[in-house]
Amino acid sequence: MSGTNKKQFKEIKMSQFDTIHTVEHNFAKSNPSYLKGMFGATDVMPLWIADMDFEIAKPIQEALQKLVTRNMYAYEFNTEAVFKAISDWNLKRHQLKLNLKSFVQVSGVLTGIGVLIRELSEKGDSIMVQTPVYHQFFKVIESADRKVVPNKLKVVEGQYQMDFEDMERKLKTLNIKAILLCNPHNPVGRVWTKEELQKLVELANKYNVTIISDEIHSDIVYSGAEFNSIVSLNTSENHIAVLGSPAKTFGMQSISNGYLYIPNENTFKQVKDTIGSLYLDHGSIHSANATIAAYTKGEEWLDDLLTYLEKTMNWIESFVQNELPEVTLYKPEGTYQVWLDFSKLNISDAALKHLVVNQAKLALTPGDWFENSHTQFMRMNVASPLSKIQQAFLQLKKAVDQGVDCSFNEAASATDCCSC
């Protein structure tokens with residue numbers, strides 16, 4: 001074969017993220033008991049929990065393997081090195097300068113948020129959230145005997161935006177002590193602009209309310225969007241960034257700790273003392289070393305991941321526009337979730353669930369987890385090999401094209417399937 005022909009038949013290189021792993025595991029997303037309890041079926045493709053189907057970066061694997069093979073596990077702490085790795089990473093990736101003395105380590109992100117809510121408010125106080133939003137926010141607030149005040153996001157020209165008029169009205173009249181922000185936002189996928197965040201900070205300062213910003217998805221941001229931490233803004237020194245953990249960025253959900261960044265010295269001391277008194281301020285050396293490896297040696301892997309995920313998002317957008325016009329997609333600026341609106345199908349909530357679970361054979365996160373009224377929405381996790389995501393959408397299209405099989409509902413009208 002000539003050199004010219006060889007160039008014409010270049011080998012197509014397969015991405016590391018294309019590999020479908022079938023190893024035995026005990027992952028929550030595919031646990032039969034969980035699937036049966038939540039979806040009523042086990043023969044479904046599990047795309048509901050926000051984690052990845054990809055192998056973690058090689059440097060993280062090597063760091064963990066080194067610890068495993070040494071076979072000694074005496075007391076060992078490395079938090080200062082962890083904080084430096086996080087700080088250096090944020091400076092390089094987000095031009096965010098962080099003070100190493102303003103970090104507090106916790107066992108997990110929700111643990112940190114739970115402590116902050118208890119420290120910054122009293123029982124009976126209110127905490128504002130921007131719905132639809134990550135469903136565990138409701139639990140962490142209500143379990144502390146605080147009240148959830150929704151500041152519903154509004155859709156303007158196909159994009160979710162903050163409703164500042166509603167926000168100020170509620171800040172002015174209700175006993176709100178904190179705003180629990182999600183940036184990038186789960187599930188709608190917005191990456192809030194600096195202008196939006198500045199307006200938010202101005203209102204919070206005006207009404208003496210602390211912003212607790214969950215920034216766990218900060219590294220999963222696509223072309224055209226830019227992440228800005230709440231603590232990077234002017235006059236934001238009284239607000240707190242839950243810098244999260246490497247969990248979402250590097251697929252380390254089961255082994256990572258959480259990290260709080262608190263610029264205000266008085267609040268920092270108050271929170272650190274409480275966390276220390278509960279012995280929540282240190283984790284395992286496995287988590288520490290994996291975190292350091294991720295933030296010091298995982299950048300190339302992450303860049304490849306973002307390229308792959310953006311390719312997946314673009315494929316989904318094209319497919320939905322051309323093959324599934326009955327479904328509205330809110331294409332995310334960040335996170336690896338897609339927010340789907342099925343309301344144009346004009347079917348009942350029960351029929352939608354049956355269509356997706358029993359006909360399309362998909363386990364997607366129900367929209368009403370994120371806000372009670374969003375019963376016609378579902379969130380799909382797409383951090384999986386593209387071939388798997390393509391298969392999921394093909395299954396969904398087939399089910400939509402066939403229409404709802406109303407045989408699941410004995411009371412349904414034979415002439416009006418929408419009644420099911």
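The values are calculated or read from the model by the stated rules, or taken from the named source; none is laboratory data. Keep in mind the model is a prediction, meaning the values are calculated, not measured. Note that each Cβ is placed from the backbone with ideal geometry, even for glycine, and that neighbours are counted across all protein chains shown. Accessible surface areas use protein heavy atoms only, side chains included; no ligands, DNA or RNA. Shrake-Rupley method; radii C 1.70, N 1.55, O 1.52, S 1.80 Å.
Return the residues of the range 14-32 that are within 18 Å of Ala57 (Cβ to Cβ) and assigned to a loop (DSSP other than H, G, I, E, B); say none if nothing qualifies.
Going residue by residue through the range 14-32, those that are within 18 Å of Ala57 (Cβ to Cβ) are 14-19, 21, 23.
Met14, Ser15, Thr19, His21, Val23 - these are the residues of the range 14-32 that are within 18 Å of Ala57 (Cβ to Cβ) and assigned to a loop (DSSP other than H, G, I, E, B).
Quick one: in the range 51-80, of everything that is within 14 Å of Pro246 (Cβ to Cβ) and touching a strand residue (DSSP E or B) at 6+ places or on another chain (Cβ under 9 Å), which residue is surrounded by the fewest Cβ atoms within 10 Å (Cβ to Cβ)?
By that ranking, first place goes to Asp51.
Kindly indicate the residue of the range 183-199 that is without any contact (Cβ under 8 Å) to a residue 60 or more places away in the chain and surrounded by fewer than 24 Cβ atoms within 10 Å (Cβ to Cβ) and also nearest to Phe137 (Cα to Cα) among those meeting that condition.
The residue in question is Leu197.
State whether the residues of the range 160-167 include one that is among the polar types (S, T, N, Q) and in contact (Cβ under 8 Å) with a residue 12 or more places away in the chain.
Filtering the range 160-167 for residues among the polar types (S, T, N, Q) gives 161.
If we keep only those that are in contact (Cβ under 8 Å) with a residue 12 or more places away in the chain as well, we get 161.
Yes, the range 160-167 has at least one match.
Could you list, in sequence order, the residues of the range 308-342 that are touching a helix residue (DSSP H, G or I) at 6+ places or on another chain (Cβ under 9 Å) and without any contact (Cβ under 8 Å) to a residue 40 or more places away in the chain?
Taking the range 308-342 as the starting set, the residues that turn out to be touching a helix residue (DSSP H, G or I) at 6+ places or on another chain (Cβ under 9 Å) are 308-309, 311-312, 315-316, 319-320, 323-329, 331-332, 335-336, 338-342.
Selection gives Pro325, Thr328, Leu329, Asp341, Phe342.
If we scan the range 156-170, do we find a residue that is open to solvent by less than 60 Å² (accessible area, probe 1.4 Å) and basic (Lys, Arg)? Before you say what the answer is, go through the steps one by one.
Taking the range 156-170 first, the residues open to solvent by less than 60 Å² (accessible area, probe 1.4 Å) are 156, 158, 160-164, 166-168, 170.
From what is left, the residues that are basic (Lys, Arg) are 170.
Within the range 156-170, one or more residues are open to solvent by less than 60 Å² (accessible area, probe 1.4 Å) and basic (Lys, Arg).
Suppose we filter Ser107, Ser87, Ser143 for residues that are at pLDDT below 95, of a type outside the set (Phe, Trp, Tyr) and either more than 16 Å from Leu181 (Cα to Cα) or buried (at least 18 other Cβ atoms within 10 Å of the Cβ) (or both); which single one remains?
On the way: Ser87 fails: at pLDDT below 95; Ser143 fails: at pLDDT below 95.
That would be Ser107, the only listed residue that is at pLDDT below 95, of a type outside the set (Phe, Trp, Tyr) and either more than 16 Å from Leu181 (Cα to Cα) or buried (at least 18 other Cβ atoms within 10 Å of the Cβ) (or both).
List, please: which pairs have Cβ atoms under 7 Å, are six or more places apart or on different chains, and start with a residue in the range 101-123 that is over 17 Å from Glu265 (Cβ atoms) and free of Cβ contacts under 8 Å to residues at least 60 places away in the same chain and end with one that is open to solvent by less than 10 Å² (accessible area, probe 1.4 Å) and not small (Gly, Ala, Ser)?
Pairs found: Ser121/Ile127.
Condition check: polar (S, T, N, Q), touching a helix residue (DSSP H, G or I) at 6+ places or on another chain (Cβ under 7 Å) and under 30 Å from Pro59 (Cβ atoms). Does Asn289 satisfy that?
On the way: polar (S, T, N, Q): yes; touching a helix residue (DSSP H, G or I) at 6+ places or on another chain (Cβ under 7 Å): yes; under 30 Å from Pro59 (Cβ atoms): yes.
For Asn289, the condition - polar (S, T, N, Q), touching a helix residue (DSSP H, G or I) at 6+ places or on another chain (Cβ under 7 Å) and under 30 Å from Pro59 (Cβ atoms) - is met.
Can you find even one residue in the range 27-39 that is more than 30 Å from Val188 (Cβ to Cβ) and of a type outside the set (S, T, N, Q)?
There is at least one residue in the range 27-39 that is more than 30 Å from Val188 (Cβ to Cβ) and of a type outside the set (S, T, N, Q).
Does any residue of the range 113-122 turn out to be under 30 Å from Ser30 (Cβ atoms) and either open to solvent by less than 80 Å² (accessible area, probe 1.4 Å) or at pLDDT below 95 (or both)? Even if it seems obvious, please write down each step before you answer.
Just the residues of the range 113-122 that are under 30 Å from Ser30 (Cβ atoms), to begin with: 113-114.
Imposing the further condition that a residue be either open to solvent by less than 80 Å² (accessible area, probe 1.4 Å) or at pLDDT below 95 (or both) reduces the set to 113-114.
Yes, the range 113-122 contains at least one residue that is under 30 Å from Ser30 (Cβ atoms) and either open to solvent by less than 80 Å² (accessible area, probe 1.4 Å) or at pLDDT below 95 (or both).
Going through the range 203-255 one residue at a time, which ones are open to solvent by less than 20 Å² (accessible area, probe 1.4 Å), small (Gly, Ala, Ser) and within 22 Å of Lys101 (Cβ to Cβ)?
Correct list: Ser213, Ser218, Ser229, Ser236, Ala241, Gly244, Ser245.
Need the failing condition index for Trp369 against (1) out of contact with any helix residue (DSSP H, G or I) (no Cβ under 7 Å at 6 or more places or on another chain); (2) over 16 Å from Pro187 (Cα atoms); (3) of a type outside the set (Ser, Thr, Tyr), just the number.
The one condition Trp369 does not meet is (2).
So which strands (runs of 3 or more DSSP E) are wholly in the range 279-383 and hold at least 3 residues that are touching a Ser or Thr at 6+ places or on another chain (Cβ under 8 Å), surrounded by 20 or more Cβ atoms within 10 Å (Cβ to Cβ) and at pLDDT 95 or above? Step through it out loud before you land on a result.
Values: elements: 328-330, 337-341, 377-381.
Result: 377-381.
Which residue, of Leu352, Leu364, Leu345, is farther than 30 Å from Ile141 by Cβ and not charged (D, E, K, R)? So that I can check it myself, show each step before the final result.
Working: Leu352 fails: farther than 30 Å from Ile141 by Cβ; Leu364 fails: farther than 30 Å from Ile141 by Cβ.
Unique residue meeting the criteria: Leu345.
May I ask you to list pairs of residues, at least six apart or on different chains, whose Cβ atoms are under 9 Å apart, with the first in the range 40-62 being more than 21 Å from Gln337 (Cα to Cα) and the second being in a helix (DSSP H, G or I) and of a type in the set (Val, Ile, Thr)?
Taking only residues 6 or more apart or on different chains, the pairs are Gly40/Val357; Ala41/Val357; Pro59/Thr296; Ile60/Thr291.
Against the definition (among the hydrophobic types (A, V, I, L, M, F, W, C) and assigned to a loop (DSSP other than H, G, I, E, B)), how does Val231 come out, yes or no?
On the way: among the hydrophobic types (A, V, I, L, M, F, W, C): yes; assigned to a loop (DSSP other than H, G, I, E, B): no.
Against the criterion (among the hydrophobic types (A, V, I, L, M, F, W, C) and assigned to a loop (DSSP other than H, G, I, E, B)), Val231 does not qualify.
Given the residues Lys297, Lys272, Lys248, which is the only one that is under 18 Å from the mean Cα position of the chain (by Cα), farther than 26 Å from Asp163 by Cα and among the basic types (Lys, Arg)? Steps first, please.
Details: Lys297 fails: under 18 Å from the mean Cα position of the chain (by Cα); Lys272 fails: under 18 Å from the mean Cα position of the chain (by Cα).
Going through Lys297, Lys272, Lys248 in turn, just one is under 18 Å from the mean Cα position of the chain (by Cα), farther than 26 Å from Asp163 by Cα and among the basic types (Lys, Arg): Lys248.
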